[in-house]
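Asks: One structure, as structure tokens, below. Some questions next.
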Amino acid sequence: MEVFADARAVAAAAAEAVVESANRAVDRSGQFVVALSGGNTPRGLYERLAAPGFAERIPWDAVHVFWGDERCVPPFDPQSDYAMAKEALLDHVPLAEGHIHRIRGEDDPELVALEYERLLRRTFVAMTGPPPTVPGARFDLALLGLGPDGHTASLFPETAAVKEVERWVVPVQAPVAPYRRVSLTPPVLNASARTIFMVTGAEKAPALAAVFEGPHDPSACPAQAIDGAEWFVDAEAASLLSG
Ligand code: 6PG
């Protein structure tokens, strides 16, 4: 875990990590396959990645953008994770439309989940079986956030999605609006080459303390279902940690 002074410093560190991961992946396998996080926290990161002087450091022609989850709303809805990333990042960088793989929140969640899993399986050349863990056949980077209840992506406490071991993408009934969502599951997220959580703000301090210092219970605290992640947090979010 790295603790930074504030959200701005978290975004700056995460942006450097994205640049590093992108260039390493492209050098190794000719592409960079990233899963974006939704919510508000990553906006600062996306805006920094799009900023002149920074955007040039990423080989956008080799980047493929996916999402870790999506709300079941139209793509222009302010609640859409795609809409936020489009406004903060995608509209400002030379990323081909065919490299932007949004989750179709406007369609039936079950069909969308099945189609998105098929897309991921084609991308990772694994039409059956568990997610591969070899370079070029998994996410090079998965970005995640942490909800106040310990959820990540749209893996909410005490839901079947947290315990899913077969499917890579599932429809979800969330306890907070928007209630219908589509989420990647722990198996495909845990197969990522690199996973980074970004957590900022005092309102996340109890959840962060629960992740690291509470009982190990991924069903109650779904972020604990994600293995081997790096945590970029600010001082406010870390304020209840004893260590
Ligand atoms: C979403 C995200 C979700 C988010 C957390 C934190 O679609 O909302 O995937 O997991 O990362 O809820 O959200 P904030 O960054 O807005 O606090």
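Asks: Please tell me if Asp77 is away from the ligand (no atom under 16 Å from the Cβ), among the acidic types (Asp, Glu) and more than 15 Å from Val172 (Cβ to Cβ).
Replies: Criteria not met by Asp77.
Asks: So, in region 26-47, how many residues would count as being over 19 Å from Arg8 (Cβ atoms), surrounded by fewer than 19 Cβ atoms within 10 Å (Cβ to Cβ) and within 14 Å of the ligand (Cβ to nearest atom)?
Replies: Here the count works out to 0.
Asks: While we're on this one: For Met84, which of the numbered conditions (1) surrounded by fewer than 22 Cβ atoms within 10 Å (Cβ to Cβ); (2) touching a residue at least 60 places away in the same chain (Cβ under 8 Å); (3) not β-branched (Val, Ile, Thr) fails to hold?
Replies: (2)
Asks: May I pose another question? How many residues are open to solvent by 90 Å² or more (accessible area, probe 1.4 Å) and over 10 Å from Val93 (Cα atoms) if we restrict to region 48-58?
Replies: 1
Asks: Taking the criterion of being modelled with pLDDT of 95 or more, open to solvent by less than 60 Å² (accessible area, probe 1.4 Å) and under 30 Å from Ala202 (Cα atoms), would at least one residue in region 89-102 satisfy it?
Replies: Scanning region 89-102 turns up at least one residue that is modelled with pLDDT of 95 or more, open to solvent by less than 60 Å² (accessible area, probe 1.4 Å) and under 30 Å from Ala202 (Cα atoms).
Asks: While we're looking at this one, here's another question. Can you go through Ala191, Ala174 and tell me which one is in contact with a Lys or Arg (Cβ under 8 Å, 6 or more places away or on another chain), more than 13 Å from the ligand (Cβ to nearest atom) and not hydroxyl-bearing (Ser, Thr, Tyr)?
Replies: Sole residue among the options that is in contact with a Lys or Arg (Cβ under 8 Å, 6 or more places away or on another chain), more than 13 Å from the ligand (Cβ to nearest atom) and not hydroxyl-bearing (Ser, Thr, Tyr): Ala191.
Asks: Out of all the residues in region 201-209, is one or more of a type in the set (Asp, Glu) and within 11 Å of the ligand (Cβ to nearest atom)?
Replies: Scanning region 201-209, I find at least one residue that is of a type in the set (Asp, Glu) and within 11 Å of the ligand (Cβ to nearest atom), so the answer is yes.
Asks: Restricting to region 80-98, what's the tally of residues that are among the charged types (D, E, K, R), away from the ligand (no atom under 12 Å from the Cβ) and closer than 24 Å to Leu114 by Cα?
Replies: Selection size over region 80-98: 2.
Asks: Right, here's the next one. Within region 100-122, how many residues are in a helix (DSSP H, G or I), more than 16 Å from the ligand (Cβ to nearest atom) and either within 27 Å of Trp231 (Cα to Cα) or of a type in the set (Gly, Ala, Ser) (or both)?
Replies: Count: 2.
Asks: Pick out, from region 23-79, the strands (runs of 3 or more DSSP E) lying fully within it that include 2 or more residues that are under 17 Å from the mean Cα position of the chain (by Cα) and among the hydrophobic types (A, V, I, L, M, F, W, C).
Replies: 32-36, 63-67
Asks: Moving on to the next point. Restricting to region 59-76, give me the number of residues that are loosely packed, with under 15 Cβ neighbours inside 10 Å and over 10 Å from His99 (Cβ atoms).
Replies: 2
The values are calculated or read from the model by the stated rules, or taken from the named source; none is laboratory data. These figures come from a predicted structure and were not determined experimentally. Please note: Cβ atoms are built from the backbone with ideal geometry, for glycine as well, and neighbour counts cover all protein chains shown. SASA here: full protein model, heavy atoms, side chains in, ligands and nucleic acids out. Shrake-Rupley method; radii C 1.70, N 1.55, O 1.52, S 1.80 Å.
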